[in-house]
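Peer 1: Below you'll find the structure I mean.
Nothing in this text is a laboratory measurement; each read-out follows from the coordinates by a stated rule. In this text, all values refer to a predicted model and were calculated from it rather than measured experimentally. Using ideal geometry, Cβ is built from the backbone for each residue, glycine included, and neighbour counts are taken over all protein chains shown.
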Amino acid sequence: MEKMKTQNYDEYMAEGKTLFGEDIKKWKFICPSCGLSQSAEDFKAHDIDGETIDHQIGFSCIGRSVPDLGCNWTLGGLFSIHTLEVVKDGHTHMRFEFDKTDNNGVA
């Protein structure tokens with residue numbers, strides 16, 4: 001099992017911008033359960049509303065909203081398999097890792 005990585009919020013945001021650019025909707029995350037790469041654009045492509053995207057992206061697999069994708073994982077469950085935590089304003093937030101591969105995400 002991988003060691004837990006902790007970043008402060010500014011480091012996390014800087015890494016996202018370095019990897020994917022300024023447009024947060026294009027940032028890609030990997031579900032720690034199924035390995036599926038997903039971005040806010042992928043959620044939109046499946047007609048998922050913006051409020052749901054804001055609450056799920058980087059925290060819950062897109063499969064929670066698109067059951068055909070076969071994964072229902074969320075970091076808010078009983079088990080912890082994530083490897084990234086982000087500290088903002090003294091609070092620790094569980095997050096999916098960024099997708100650092102050339103994976104195009106959910107079809």
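Peer 1: With runs of 4+ DSSP H residues as the only contributors, calculate the mean residue ellipticity of the chain at 222 nm using -39,500 (n - 2.57) per run, divided by the residue total and rounded to the nearest 500.
Peer 2: Estimated from H runs of four or more residues: -6500 deg cm²/dmol.
Peer 1: Please order H55, H93 by the number of other Cβ within 10 Å, starting at the fewest.
Peer 2: H55, H93
Peer 1: Counting only pairs 8 or more residues apart or on different chains, how many lysine pairs in the chain have their Cα atoms under 23 Å apart?
Peer 2: Value for the chain: 25.
Peer 1: Name the long-range amide H neighbours of K28: under 5 Å, sequence gap of 5 or more, or other chain; modelled H, no Pro or chain starts.
Peer 2: D99
Peer 1: For the pair H93/K5, report the inter-label distance in nm, with labels modelled 7 Å from Cα in the Cβ direction.
Peer 2: Distance between label points: 1.7 nm.
Peer 1: Hey, rough spin-label estimate for N72 and H46, points 7 angstrom out along Cα→Cβ, what's it come to in nanometres?
Peer 2: Result for the modelled spin labels: 1.4 nm.
Peer 1: Largest first and to the nearest Å, give the Cα extent of the chain along each principal axis.
Peer 2: Principal axes ranked by extent give 35, 33, 27 Å for the Cα atoms.
Peer 1: Of the chain, which part is the longest with no trypsin sites (Lys or Arg not before Pro) in a loop (DSSP not H, G, I, E, B) and with at most 14 other C-beta atoms within 10 angstrom?
Peer 2: 4-99
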